[in-house]
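I have placed the structure first, in the form of structure tokens, so that the comments after it can refer back to it.
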């Protein structure tokens, strides 16, 4: 097996050394943008040697103008199919057909002669966003759009590398750089509301001897705290495989991660609560430092006189909702806060299948 090269770097080298020279020689007047965005661990910069076993290899995405795509995409595809080298940096440039039994996965496939089944995707910006987010770039996103865009897709759209930009790919994806301010406030409020709804349940399960149930609720609270941290540091969270890895790169992680890990390792609900209280205090301090509301005490308190300590997440949720003034979001803020799609569902099929977005938007009417 050739030496491992990070997929994003391999894509960049592949474009500049193999793809662009062929296109420049045959279509010298063609304007295009090139990069690696969308699905793939390499897009996020988290790929490893193991990533090479599926969907990974010398590939690049070429974005053309609408007219050029209609007139030239087929010819460019054939040019690359017949003229690309069979290997690049030791890796085949040909891939197997998409496997319908494995979500359309393609694998590297060595060929020594004839055309290559390359993965130089020829796209338009508008067409890509229609397919990836089910959103038409010709209109402005509304709050219901932002709340139904999966964070994992927004992250891969905005962090993947762009190597060349001649058709305004960067300005297009800059529109999705992060949530508008009041959408962000609503998501923060919804995250704190989730904490408020479950923070007392972890200990309540423990009090009746249900340590499995207590641990499960504790793990849910850890995940919700981590999601709040992504929001407070204004970063989109990736999908589960890389959620913890991305969290470890947040500014808060060195201080907060030990308490969160201790929650997960705790054998009893009382130990679990002790570490959760430490985590609550830290994240509540982050909330106060944002300055989005008046400071709220970061100390845990008994839950209505019961032997359960809570941070009162609902108080922060209410304070954040009170700062919302956009009419569409204000209407949502006055109802029970379901939050964004990632806050009320972790269904892979729901998050990946953006054809369901029109139906999901109805939740916010």
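Where a number appears in this text, it was derived from the coordinates with a stated rule and is not lab data. On a predicted model such as this, the values are computed, not experimentally measured, just so you know. Don't worry about glycine lacking a Cβ; one is built from the backbone with ideal geometry, like all the others, and counts go over all protein chains shown.
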Query raised in the report: Do the sum for the chain: with -39,500 (n - 2.57) for every DSSP H run of n ≥ 4, divided by all residues, what is the mean residue ellipticity at 222 nm, to the nearest 500 deg cm²/dmol?
Result: -14500 deg cm²/dmol
Report summary line: Averaged over all viewing directions, the convex hull of the alpha carbons in region 181-334 casts a projected area in nm² of 9.1 nm²
**Report entry** Distance in nm between pseudo-label sites at residue 6 and residue 330 (7 Å out along the Cβ direction from Cα)
**Finding:** 4.6 nm
Query - residue 126 versus residue 103: modelled label distance in nm, points set 7 Å from Cα along the beta carbon direction - result: 3.0 nm
Report summary line: With 0.36 nm assigned to each residue of separation and the Cα-Cα distance removed, residue 82 to residue 255 gains 56.9 nm
Query raised in the report: Using all Cα-Cα distances in the chain, what percent lands in each 20 angstrom bin from 0 up to the longest?
Result: 26, 48, 23, 3
Query - Estimated FRET transfer efficiency (residue 365, residue 75; beta-carbon r; R0 35 Å; 0.05) - result: 0.15
**Report entry** Ellipsoid semi-axes in whole angstrom, largest first, where each is sqrt(5λ) of the Cα gyration tensor of region 142-271
**Finding:** 34, 16, 11
Query raised in the report: Taking Rh as the Kirkwood radius, which is the inverse of the mean 1/r over Cα pairs, what is the Rg/Rh value for region 12-101?
Result: 0.97
Requested in this report: List the pair-distance distribution P(r) of region 7-174, using every Cα-Cα distance, as the percent of pairs falling in each 5 Å bin from 0 up to the bin containing the longest distance, rounded to whole percents.
Outcome: 1, 8, 17, 21, 20, 17, 10, 4, 1, 0, 0
Query raised in the report: Relative to the first principal axis of the alpha-carbon coordinates of the chain, what is the inclination of helix 211-232, with its axis defined by its Cα atoms, in degrees from 0 to 90 and to the nearest 10?
Result: 60 degrees
Query raised in the report: How much length is gained on full extension from residue 66 to residue 264, taking 0.36 nm per residue of separation minus their Cα-Cα distance?
Result: 66.2 nm
Report summary line: Within the set 174, 189, 317, GNM on the chain using Cα springs under 10 Å gives the largest fluctuation to 174
